[in-house]
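Below is one structure, written out as structure tokens, with a few remarks after it.
The values are calculated or read from the model by the stated rules, or taken from the named source; none is laboratory data. What you are looking at is a predicted structure, and each value in this text was computed from that prediction instead of being measured. Here Cβ is always computed from backbone atoms with ideal geometry, including for glycine, and neighbour counts include all displayed protein chains.
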Amino acid sequence: MPASVDELLAELELERLSHWRFRARPHRTTLQRVFGGQVLAQCLGALHQTVPEDRWNHSFHGYFLRPGAVDQPIDYDVEALRDGRSFTTRRVTAWQGGKDIFTMITSSHVTEPGLDHFDTVPAGIPAPEECPPLAEVLGRQTTGGPERWLAEWGALDVRFIGASGPDGTIPAHSHASHLRVWVRASAALPADPVVHQQLVAYASDVTLLSSSVVNHRATFVSDRLQVASLDHAMWFPRPIRADDWWLYDQISPSAHHALGIGQGRIFQDDRLSALCVQEGLIRPLDPTLLP
């Protein structure tokens, strides 16, 4: 995984094979399968090259079909489903070796005036500078120390605010399970808003499924659990800069039958800027984790 922003931007570069087909080359990683956030971000990169410039991707809904191999390129096919006066709909499919690994339906919309309201940042959130790096928190919980996580996620500056659970800092009285972090790119990004949307989508997949685990006596990265993202949906009601701090407020309203659901709200400048929902496999391999 990219240890710097430059490495991450290089990872997201796509070779255009035709008007509707793009290719991403494999990159260095210690993971056993392609990170889902990488596929999300690369899909958005392919999408935006086929949509008129006056339209912005305001939502996508995707399904992870197969694990991606880290040592093979990924091809992305874009299909035009509809080009209307206000909305453009596309299907983006990622595949390797002739098999689909991910598929996404996206919608892009022209900018036009309309009603305006938004949720604001919850009260009592400490500033990013007051919160420890997530790498330090994970380093205390897993083998390899914080250096392992900085090597894998150094392109992102993620600060741990708190979580619910047996040893947590957020009371679980309003949500069954709760996790909050601050996030930003660890260095300045190009001005292109597409790059910022790609980076937010990429980072949204780092911690969201973890919200299904924090209320239980298990760490997300553990040999006691088998975890995998199954789907991912996002909405982008407002522009967001990925290299400025944004609050990622995540809850898990349900975990059942080895499936967990995570919901995330992304705030910047005290305004709701994006939302995401994900369902994933959370299969206990340790019977002591079962109720």
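The residue pairs whose first member lies in segment 227-238 and is of a type outside the set (A, V, I, L, M, F, W, C), whose second member is outside any strand (DSSP E or B), and whose beta carbons are closer than 6 Å, counting only pairs six or more residues apart or on different chains, are SER229/GLY36. Based on what the data block shows, is CYS43 in the same structural domain as MET234 (by TED's automatic domain parsing), of a type outside the set (Val, Ile, Thr) and within 22 Å of CYS276 (Cβ to Cβ)? When the stated conditions are applied, CYS43 does not pass them. Scan segment 21-34 for residues that are surrounded by 22 or more Cβ atoms within 10 Å (Cβ to Cβ) and either out of contact with any helix residue (DSSP H, G or I) (no Cβ under 6 Å at 6 or more places or on another chain) or among the basic types (Lys, Arg) (or both) and the total you get is 1.
This table checks each residue for (1) outside any loop (DSSP other than H, G, I, E, B); (2) farther than 30 Å from LEU289 by Cα; (3) charged (D, E, K, R); (4) modelled with pLDDT of 95 or more.
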position	(1), (2), (3), (4)
SER222	no, no, no, no
GLN226	yes, no, no, no
SER229	yes, no, no, no
ALA233	yes, no, no, yes
PRO239	no, yes, no, no
ALA242	no, yes, no, yes
GLY264	yes, no, no, yes
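Looking at segment 189-201, can you tell me whether even one residue there is in contact with a helix residue (DSSP H, G or I) (Cβ under 9 Å, 6 or more places away or on another chain), at pLDDT 95 or above, not in a helix (DSSP H, G or I) and not acidic (Asp, Glu)? Scanning segment 189-201 turns up at least one residue that is in contact with a helix residue (DSSP H, G or I) (Cβ under 9 Å, 6 or more places away or on another chain), at pLDDT 95 or above, not in a helix (DSSP H, G or I) and not acidic (Asp, Glu).
From the list GLY168, GLY154, the one residue that fits, being farther than 29 Å from SER59 by Cα, at pLDDT 65 or above and not assigned by TED's automatic domain parsing to the domain that holds GLN38, is GLY168.
The criterion of at least 2 residues that are of a type in the set (S, T, N, Q) is met by the following strands (runs of 3 or more DSSP E) wholly inside segment 33-124: 55-64, 87-96, 99-110.
When ARG55 is tested against (1) more than 19 Å from the chain's Cα centre (by Cα); (2) surrounded by fewer than 16 Cβ atoms within 10 Å (Cβ to Cβ); (3) among the charged types (D, E, K, R), exactly one condition is not met: (2). Of all residues being of a type in the set (A, V, I, L, M) and touching a Ser or Thr at 6+ places or on another chain (Cβ under 7 Å) in segment 244-259, which is modelled with the highest pLDDT? Just the residue, please. Only one residue fits best here, namely ILE251.
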